[in-house]
Every structure is written in structure tokens, then in C-alpha cells.
Amino acid sequence: MEQMPNASTEVKKPKKFKIAFPHTYLILVALCALAVILTNVLPSGVFDRERNADGRTVVIAGTYHEVEANPIPFIKLPVKIHEGMQAGADLLMFMLIMGGSFGILNEAGAVNFFICNSLARAMRGKEKLFIPILLFVMSMGGITFGMAVEAVAFIPAVIALSIALGYDSILGLAIVFLGSNAGYTAGIYNPFNVGVAHSLAEIPLYEGAWYRWIFLFVLLMIASIGLMRYADRIKKDPTKSLVYKDPDSESWRSVQSSGRKATIQEYLGLFIFLGGFALIIWGCVSQGWWFGEISAAFFWMAVLTGIIFRFTPNKMCRLFCSGMSDIAVGAGSVGFARAIAVILADGVIMDTIVYYLAMPLQYLPGIVQAAGMQVAQAIINLGLPSGSAQATATMPIIIPLADLLGVSRQTAVFAFQCGDGISNGIIPTYTTLIAMMAAAKIPFQKWLKLAFKIVAVQWLAGMAMTIIATLIHY
């Protein structure tokens with residue numbers, strides 16, 4: 001007689017094997033390991049360098065030559081990561097101090113109260129408008145004084161507004177990053193990418209701004225459409241949010257809309273916050289402030305706010321430590337990212353990579369040679385994610401090559417802008433992106449899910465505009 005299967009004899013279906021997305025640190029360590037391998041594979045080489053009329057040390061085109069190899073032993077990988085931490089100490093310390101300061105500011109809740117009660121209420125019924133408006137506002141810092149990592153300061157306020165309007169924290173992060181990065185990439189009057197590149201290319205400073213204005217609005221339009229579609233989706237169904245039920249995301253909901261009036265303490269807290277931001281913008285634009293001064297401004301904003309809200313010194317210290325611990329993981333990843341540049345420099349292969357990426361461009365069809373420059377700049381950007389440093393390293397090589405190929409110098413600079421700036425939205429070695437993700441408490445894999453398609457479309461748009469620039473002899 002055939003036996004019927006029971007619970008003990010039933011065959012269990014094997015669980016589906018699911019590949020987990022690698023942790024941000026694992027990606028960075030893998031890239032560090034790849035850099036170490038390249039130092040053992042590629043020949044070491046350098047360009048001769050000289051100091052130009054502006055006092056910048058630049059490479060001399062046509063002087064590349066191989067030098068004695070300096071391969072990095074694999075066992076020294078942790079040593080290079082430690083050196084990367086040292087190289088990135090200025091940004092790392094800034095992130096920790098800023099995180100600690102926001103531990104106090106968030107506990108006080110003055111800014112969140114006004115965002116959730118006044119600003120959010122004023123925008124009811126037209127919530128989506130805040131996406132293109134704030135994208136444009138963020139871009140203004142990028143096109144003028146080259147705002148990049150400084151935009152981290154806007155993360156808490158924009159995220160609080162995003163949540164108050166019924167959206168989520170990753171949308172707030174995207175508005176700040178994609179807006180400021182669009183401005184930095186278009187670089188209409190940005191001294192750090194276009195300014196340096198124009199100087200090295202011997203082009204009148206900021207010439208051809210009309211084309212870069214068009215480029216800015218193309219980047220912002222793509223970001224607006226992508227983010228508004230995401231906002232619509234999560235407004236209709238909150239479970240579609242990439243951070244749905246994420247405890248870190250929910251922590252931003254510390255202040256909800258209420259009918260009560262603001263207290264004197266909250267008005268004073270808002271005044272300190274806005275005054276501090278105005279001071280930071282003034283310092284960055286006119287006084288050359290950098291991480292030290294900006295950190296000091298946040299520190300004093302937090303201390304004054306704590307005093308107004310009658311926090312005891314011990315409570316302020318506990319909140320400061322809690323704020324630092326919240327951002328410590330993201331801050332540490334800055335050092336891993338900087339280690340890649342350290343390894344390439346110590347292995348003396350950065351110039352080799354630049355040389356071998358630039359040389360094949362002469363064999364491309366004429367119409368896509370500038371587009372090839374964009375691709376080459378994006379690859380270089382993985383190991384040298386700094387607009388001014390990349391311009392200094394590559395422009396003296398690319399410009400003579402552009403002259404040889406019949407590509408205008410302005411188009412070569414535009415290709416550099418696209419290759420350097422757009423790719424910053426998805427590369428894990430870009431320390432500004434790492435800092436913003438840390439401040440927003442968003443892991444890299446979730447950011448990629450939101451940003452990848454937007455950045456990919458921006459990349460294709462940049463490629464198309466680079467080809468058009470070639471055709472119109474921009």
C-alpha cells in the first residue's frame with residue numbers, strides 16, 4: 001500500500017541562492033587590491049613636470065618615460081589603507097565633527113520643527129515642485145564656487161523636508177547630491193574644474209558659458225524627471241521606498257507636524273542655524289574656507305543651540321558622541337577610497353594609466369574622438385576623483401592631442417567635464433558621494449538603485465553633447 005507523504009517525509013524545496021550586493025567597504029578593498037595588482041603589472045612611468053605661470057605644477061606633454069618599477073607588495077595593502085586614512089584625514093575629521101554637531105542640533109529639533117510645520121505646510125498640494133526647485137538651488141553652489149562636499153551640510157534639512165512632504169530620506173540625499181553635482185559638472189563659473197582646465201588649455205577663462213548653461217539644464221531636467229517619477233511611486237505606495245522600514249531612515253522622523261506654535265528657543269535655534277549657514281557660504285565664497293573653518297562653524301552652531309535648549313555639558317557631550325558614531329562608518333570609508341590614489345601614486349603608475357588611455361584616442365573616428373576623451377577621463381576619475389587634480393594631470397596631455405586630432409580645445413575641456421563630473425554619481429571612490437551617503441545613512445547599494453539610471457541617462461546626454469560640440473566646432 002502506497003504511503004501518503006507526511007510532514008516528516010515531505011521533501012523540502014531548496015532555498016534559492018541569492019547573491020548579496022557587496023558592502024561598500026568590500027568594494028573599496030577590492031579596488032585597492034586591484035590598484036596593488038596594477039602596480040605589479042603595469043610599467044612605472046612619469047611625465048616631466050614644470051610650474052606654469054599660474055604657479056601650478058603641470059605635466060609636459062610628450063615627456064612620458066618609464067622609470068624604475070616600484071610594485072606594492074600585496075601584504076602591504078592594510079598599510080596603504082592606513083596611509084589613505086591619513087591622506088583623507090581632513091575630510092574624515094570634518095565628517096566626524098559635523099556628525100557630532102548634528103547630534104546636538106537634531107536633538108534640539110528647532111530646524112525640523114519649522115520644516116515640518118511651516119515649510120511643509122506651505123508646500124502642500126505642490127509637493128513635487130520642491131524637487132526641481134531645490135535641484136536648481138543646489139546647482140548654484142556648484143557652478144559658482146565649486147560646491148561639492150560642502151553640500152553635506154544641507155543633507156539633514158533637505159531630508160527632513162522630504163520626509164515631511166511624504167517622501168523619504170534617499171530622495172532628500174538625491175536632491176542635494178544630484179543638484180550640487182550637476183552644477184559642479186556643468187562648471188559654468190567653477191574655478192576648480194573649468195577654471196583650472198581653461199587656464200591649462202590657454203582658453204579665455206569661462207569662455208563658451210552658453211553651451212555649459214544648456215548642459216546644466218539638461219542635467220537638471222534628467223535628474224528632475226527621474227526623481228519626480230520615484231517620488232510619485234512612493235507617494236502612491238510607501239512600500240516602494242528604497243528605505244521602507246529602514247530604522248536609520250525612520251530616525252529622521254523625530255519631529256512631526258503639529259498644531260502648536262514655535263517656542264522662543266526654537267526661533268533662536270533656527271536663527272543660529274540659518275546664520276551659521278550664511279556664515280559658511282560667505283566664508284567659502286569670499287574667504288577660502290575649507291574643512292577646518294567649516295567644522296568650527298558647525299561646532300559653535302551646536303554649542304550655542306545646546307546652551308539655548310538648556311542641555312547640560314554632559315548631555316551635549318553624549319549627543320556629540322552619538323552623532324559621531326552615526327557617521328563613523330561612512331567617514332572611515334573615505335580613507336579606503338583615498339587609499340586607491342595613494343597606491344597608484346606610490347606605485348608610480350598614475351601617469352602610465354593616463355598615457356595609455358590618451359594614446360588610443362588618435363585611432364578613433366573623428367566624430368567620436370572627443371567622446372573617447374570623455375570615456376578616458378571617467379576611467380581616470382576612478383583613481384583620481386578630483387576635478388582640479390584631474391585637470392592638472394590630464395589637460396597638458398589631452399590638449400596637444402586635441403590639437404593634433406583637430407578637436408577644439410573648448411570641446412576637449414567639455415569632454416573632461418562630462419567624464420569627470422557625471423561619473424561621480426556612481427563611483428565608490430568619490431569621497432563627496434561617500435560623505436553624503438554617510439550623512440544620510442544610506443548604503444551604497446540603495447543609492448545605486450535610485451541613481452544608476454539617472455546617471456546613465458546623464459552620461460549619454462553628455463556624450464551626445466560632446467559629439468555635438470565636435471560638429472559645431474565649439
The condition of being aliphatic (A, V, I, L, M) and surrounded by 23 or more Cβ atoms within 10 Å (Cβ to Cβ) holds, among V149, V158, only for V158
Residue that is modelled with the highest pLDDT [pool: residues in region 148-175 that are touching a Lys or Arg at 6+ places or on another chain (Cβ under 8 Å) and outside any loop (DSSP other than H, G, I, E, B)]: I170
The condition from (1) open to solvent by less than 20 Å² (accessible area, probe 1.4 Å); (2) assigned to a loop (DSSP other than H, G, I, E, B) that P385 misses is numbered (1)
Only one of G109, G103 that is of a type outside the set (K, R) and either open to solvent by 70 Å² or more (accessible area, probe 1.4 Å) or closer than 22 Å to S333 by Cα (or both): G103
Can you list residue pairs whose Cβ atoms sit under 8 Å apart, with the first residue in region 403-422 being in a helix (DSSP H, G or I) and the second being open to solvent by less than 10 Å² (accessible area, probe 1.4 Å) and basic (K, R)? Count only pairs 6 or more apart in sequence or on different chains. F414/R212; Q417/R212
Taking region 289-300, which residues are open to solvent by 60 Å² or more (accessible area, probe 1.4 Å) and outside any helix (DSSP H, G or I)? W290
So which of V342, V368, V329, V303 ends up being closer than 28 Å to T431 by Cβ and either open to solvent by 40 Å² or more (accessible area, probe 1.4 Å) or of a type in the set (S, T, N, Q) (or both)? V329
Name the pairs whose Cβ atoms lie under 8 Å apart, with the first residue in region 69-80 and more than 9 Å from N40 (Cα to Cα), the second assigned to a loop (DSSP other than H, G, I, E, B) and not aromatic (F, W, Y), and 6 or more positions between them or separate chains? K80/I72
Only unsatisfied item for L31, checking (1) farther than 24 Å from I349 by Cβ; (2) under 19 Å from the mean Cα position of the chain (by Cα), is (1)
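Could you say whether any residue in region 443-450 is touching a strand residue (DSSP E or B) at 6+ places or on another chain (Cβ under 7 Å) and either touching a residue at least 60 places away in the same chain (Cβ under 8 Å) or open to solvent by less than 10 Å² (accessible area, probe 1.4 Å) (or both)?
no
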Out of Y211, Y206, I need the residue that is on the phi > 0 side of the Ramachandran plot and either of a type in the set (D, E) or surrounded by 15 or more Cβ atoms within 10 Å (Cβ to Cβ) (or both). Which one? Y206
I399 - would you say it is surrounded by fewer than 23 Cβ atoms within 10 Å (Cβ to Cβ), farther than 30 Å from V152 by Cβ and in contact with a helix residue (DSSP H, G or I) (Cβ under 8 Å, 6 or more places away or on another chain)? yes
Restricting attention to region 249-269, which residues are open to solvent by 90 Å² or more (accessible area, probe 1.4 Å) and either at pLDDT below 60 or outside any loop (DSSP other than H, G, I, E, B) (or both)? R253, Q256, I264, Y267
Selection from region 52-77 of residues that are under 14 Å from I343 (Cβ atoms) and in contact with a Gly (Cβ under 7 Å, 6 or more places away or on another chain): N70, P71, I72
Please indicate, with yes or no, whether at least one residue in region 125-134 is of a type in the set (D, E, K, R), closer than 30 Å to K245 by Cβ, in contact with a helix residue (DSSP H, G or I) (Cβ under 9 Å, 6 or more places away or on another chain) and open to solvent by 10 Å² or more (accessible area, probe 1.4 Å). yes
Criterion first (surrounded by fewer than 23 Cβ atoms within 10 Å (Cβ to Cβ), touching a Ser or Thr at 6+ places or on another chain (Cβ under 6 Å), closer than 21 Å to G99 by Cβ and of a type in the set (V, I, T)) does I272 satisfy it? yes
Among the residues of region 185-208, write down those that are out of contact with any Asp or Glu (no Cβ under 9 Å at 6 or more places or on another chain) and either of a type in the set (S, T, N, Q) or at pLDDT 90 or above (or both). A186, N190
For region 451-468, enumerate the residues that are without any contact (Cβ under 8 Å) to a residue 60 or more places away in the chain and not aromatic (F, W, Y). V455, A456, L460, A464, I468
Taking the stated definitions as given, is T392 modelled with pLDDT under 90, open to solvent by less than 10 Å² (accessible area, probe 1.4 Å) and either closer than 30 Å to K245 by Cβ or of a type outside the set (G, A, S) (or both)? no
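Here is a list: G425, G421. Which entry is over 18 Å from I349 (Cα atoms) and touching a Leu at 6+ places or on another chain (Cβ under 8 Å)? It would help to see each step written out before you state the result.
On the way: G421 fails: touching a Leu at 6+ places or on another chain (Cβ under 8 Å).
On inspection, the qualifying residue turns out to be G425.
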Can you report the number of residues in region 161-190 which are within 18 Å of L242 (Cβ to Cβ), buried (at least 24 other Cβ atoms within 10 Å of the Cβ) and among the small types (G, A, S)? 4
Subset of region 187-245 [more than 30 Å from K128 (Cα to Cα) and either of a type in the set (F, W, Y) or touching a Cys at 6+ places or on another chain (Cβ under 6 Å) (or both)]: F192, Y206
Give the residue, chosen from S169, S199, that is small (G, A, S) and either free of Cβ contacts under 8 Å to residues at least 40 places away in the same chain or under 30 Å from P238 (Cβ atoms) (or both). S169
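The values are calculated or read from the model by the stated rules, or taken from the named source; none is laboratory data. Since the structure is predicted, the reported quantities are computational estimates derived from the model, not experimental observations. Here Cβ is always computed from backbone atoms with ideal geometry, including for glycine, and neighbour counts include all displayed protein chains. Side chains included, ligands, DNA and RNA excluded: accessible areas come from the protein's heavy atoms. Shrake-Rupley method; radii C 1.70, N 1.55, O 1.52, S 1.80 Å.
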